[in-house]
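K.L.:
Dumping the structure here so I can ask a few things about it.
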Amino acid sequence: MNNKKSKIKLRIEKIVVSIVLVLGGLLVSIPFIWMITSSFKPESEILQVPPTLFPQNPTLENYINLFSNMNFGLYLRNTVIIVLLSFLGLLFNAMAGYAFAKYDFKGKNKLFILILATMMIPAQVTMIPVYLILNELGLTNTMTGIILPGLAAAFGIFLFRQFMATIPDDLIEAARLDGANEFYIFFKLIVPVCKPIFAVQGILTFIGSWNSFLWPLIIANDERLYTLSVGLSLLKGQYANNFALQMAGAAFMVVPIIIIFAFFQKYIVEGFTMSGMK
Amino acid sequence: MGTVKNLMKNRHPYIFIAPAIIILTVFSIIPIVVALFISFTDLNLKGLADWSNISFIGLENYASLLSDEVFHRSIFNTFFYVIFGVPLVIFFSLSIALLLNYGSSLLFKIFRGVYYMPSITNIIAVAVVWGYLYNTEYGLINYLLSLVHVDKIPWLGEPTIAKISLIILAVWKGIGINMIIFLAALQGIPKMYYEAAEIDGANRFQRLFYITIPLLRFAIFFVTVTTLIGWLQFFEEPFIMTKGGPLDGTISMSLFIYKNGFQFSEFGYAAAGSFVLFIFIIIVTLLQFKLRKSDTDY
């Protein structure tokens, strides 16, 4: 009897929790929903009071204008280049993580602490000197200048090290006895074993570089190197009152990330569990 | 000779770490030294063109900061953001994580994604969309308020309201990542603790306050430290939404540094400002660790 009662109570509790979650989720999603529906409205409809929830005369005009009035094709190309090249950084982090996890060498601990210490340095402190250094190297206003400073990340190295430390040493020793050289071991043995951590880091790298804004803005002086973020902020300034066009630009940036995220959601959550965040 | 031979034999780890170490050294470690050095100079555009125009001015930049009204304003605003923003982020991300941990059906998985979405969304896109929502004349928020007969609110047009508007936006964006950290921690708590408590007759709130929260201590600590550091560097929201205005009402320390560095090209002055911010961050972080030390661990 008592058991049955508490079962009903649990049931009700679960329904209440679900309702709260759904309502909160809808509230959180309003900006996304509003962005997407507004991006299909013609310019006249967007300033209408009261506003319409769904476009009465849906149009693709705003999206077409992104490419005809603005240079979004170019911005997209630059963003894709940045995303692809930042995967090189993923490799650098993995290599460093591997060395710290599986080798004994002089200065290992000191270097690792030094790397971790860089996590504490706020971006605002290094922003100006990094700009001055790139300026001295003649790399301002170049793609290299945009990508280079972000190629190594302490947190990434740390996560790779944590994961790779769990690989049994015997596996590596056996390969060495078979005469495999160190690079062969890393690329053919370690990298495949580390797929899960590569997946997590890969997604985070993709999201980070796709969204990169401040550094491209500082380094790129001419439009040729603008990324989607920089282009979108330009659009916000130039078409301040054309909200339909702004929403289309925003949706163009956000939707690909949401799709990628929907596919790989599982890995992101697992990644945090993997890092031992308990 | 022997050491060279040794180094050749043990060269592999060094080759593996070389790219990352070189990049971090050039773009993270050397810059700290450079920043400290230029904070004692009057480096600006003229100095950038010709190094002979740079002169060493001692603590003058720091002295000017002390009497700079805008800098004072930026410190005040930064603390305003931190004091309201950080507790809100922690409260919401923990509450949502607790709710999400309640079930494992598809519904819960989908909504985990929904709550995480804002944190992976591009900040410019966020600013563009919220700028429209906040618009005084055509914005959705003022329209919804007009339905319940609330007058138009200048969401970004009045210094204090604008600060609050930016906090709402940043909390919305900041929940996701912290929620995931809490969720991962919650899933690491062994079920038997709850079963034992239930047998002892502990109710839901007792279980929350005597089991869950103490066991989440490390996650809460981690989230607090990272969120605090993040909010002390509050930058993109005011930079894009309000450019620090109206009347410097939303300018943060980071934005002050950026403006002086990259808009007025006063690199020396901006570097001095960035060190003041750095010192604030170090103090706050050390304080956190100190408070944690006095805490017993489980």
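The values are calculated or read from the model by the stated rules, or taken from the named source; none is laboratory data. Keep in mind that this is a model prediction, so the values were computed, not measured. Note: ideal-geometry Cβ built from the backbone for every residue, glycine included; neighbour counts use all protein chains shown.
K.L.:
Can you name every residue in the stretch A:67-88 that is outside any helix (DSSP H, G or I) and buried (at least 16 other Cβ atoms within 10 Å of the Cβ)?
P.N.:
Once the filter is applied, which keeps residues that are outside any helix (DSSP H, G or I) and buried (at least 16 other Cβ atoms within 10 Å of the Cβ), the stretch A:67-88 yields A:Met70, A:Asn71.
K.L.:
Tell me whether the stretch B:261-276 contains one or more residues that are farther than 20 Å from B:Ala63 by Cα and either within 13 Å of chain A (Cβ to nearest Cβ) or at pLDDT below 85 (or both).
P.N.:
Yes; the residues of the stretch B:261-276 include at least one that is farther than 20 Å from B:Ala63 by Cα and either within 13 Å of chain A (Cβ to nearest Cβ) or at pLDDT below 85 (or both).
K.L.:
Only residues that are surrounded by fewer than 16 Cβ atoms within 10 Å (Cβ to Cβ), of a type outside the set (S, T, N, Q) and more than 7 Å from chain B (Cβ to nearest Cβ): list them for the stretch A:32-48, please.
P.N.:
A:Ile33, A:Pro42
Residue by residue, here is whether (1) assigned to a helix (DSSP H, G or I); (2) in contact (Cβ under 8 Å) with a residue 12 or more places away in the chain; (3) touching a helix residue (DSSP H, G or I) at 6+ places or on another chain (Cβ under 8 Å) holds:
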{"position": "A:Arg11", "(1), (2), (3)": "yes, no, no"}
{"position": "A:Lys14", "(1), (2), (3)": "yes, no, no"}
{"position": "A:Leu21", "(1), (2), (3)": "yes, no, yes"}
{"position": "A:Ile33", "(1), (2), (3)": "yes, no, no"}
{"position": "A:Lys41", "(1), (2), (3)": "no, yes, yes"}
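K.L.:
Considering every residue within the stretch A:89-104, establish whether at least one is free of Cβ contacts under 8 Å to residues at least 24 places away in the same chain and over 26 Å from A:Val191 (Cβ atoms).
P.N.:
no
K.L.:
Scanning for something under 30 Å from A:Ser212 (Cβ atoms), surrounded by 13 or more Cβ atoms within 10 Å (Cβ to Cβ) and in contact with a Phe, Trp or Tyr (Cβ under 9 Å, 6 or more places away or on another chain), does the stretch B:190-198 turn up at least one residue?
P.N.:
So in the stretch B:190-198, the residues under 30 Å from A:Ser212 (Cβ atoms) come out as none.
No - not one qualifying residue is present in the stretch B:190-198.
K.L.:
Just to be sure, is B:Gly188 among the small types (Gly, Ala, Ser), closer than 30 Å to B:Thr78 by Cα and more than 18 Å from the chain's Cα centre (by Cα)?
P.N.:
no
K.L.:
Take A:Ala152 and decide whether it is under 17 Å from the mean Cα position of the chain (by Cα) and either more than 11 Å from chain B (Cβ to nearest Cβ) or within 30 Å of A:Phe72 (Cβ to Cβ) (or both).
P.N.:
Taking the combined requirement at face value, the residue does not satisfy it.
K.L.:
Then there's this: Is the stretch A:20-31 home to any residue that is away from chain B (no Cβ under 12 Å) and farther than 30 Å from B:His12 by Cα? Spell out the reasoning first.
P.N.:
Applying the first criterion (away from chain B (no Cβ under 12 Å)) to the stretch A:20-31 yields none.
No.
K.L.:
May I pose another question? In this structure, does A:Ala99 turn out to be in a helix (DSSP H, G or I), modelled with pLDDT of 80 or more and more than 24 Å from A:Ile207 (Cβ to Cβ)?
P.N.:
For A:Ala99, the condition - in a helix (DSSP H, G or I), modelled with pLDDT of 80 or more and more than 24 Å from A:Ile207 (Cβ to Cβ) - is met.
Residues are listed down the side, and each one gets a yes or a no for (1) at pLDDT 85 or above; (2) touching a Pro at 6+ places or on another chain (Cβ under 7 Å); (3) more than 9 Å from every other protein chain (Cβ to nearest Cβ):
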{"position": "A:Phe213", "(1), (2), (3)": "yes, no, no"}
{"position": "A:Leu228", "(1), (2), (3)": "yes, no, no"}
{"position": "A:Gly237", "(1), (2), (3)": "no, no, yes"}
{"position": "A:Asn242", "(1), (2), (3)": "no, no, yes"}
{"position": "A:Ala250", "(1), (2), (3)": "yes, no, no"}
{"position": "A:Val255", "(1), (2), (3)": "yes, no, yes"}
{"position": "A:Ile259", "(1), (2), (3)": "yes, no, yes"}
{"position": "A:Ala262", "(1), (2), (3)": "no, no, no"}
{"position": "A:Gln265", "(1), (2), (3)": "no, no, no"}
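K.L.:
Any idea which residue in the stretch A:210-238 is surrounded by the most Cβ atoms within 10 Å (Cβ to Cβ), counting only those that are of a type in the set (Ser, Thr, Tyr), in contact with a helix residue (DSSP H, G or I) (Cβ under 6 Å, 6 or more places away or on another chain) and touching a residue at least 24 places away in the same chain (Cβ under 8 Å)?
P.N.:
A:Thr227
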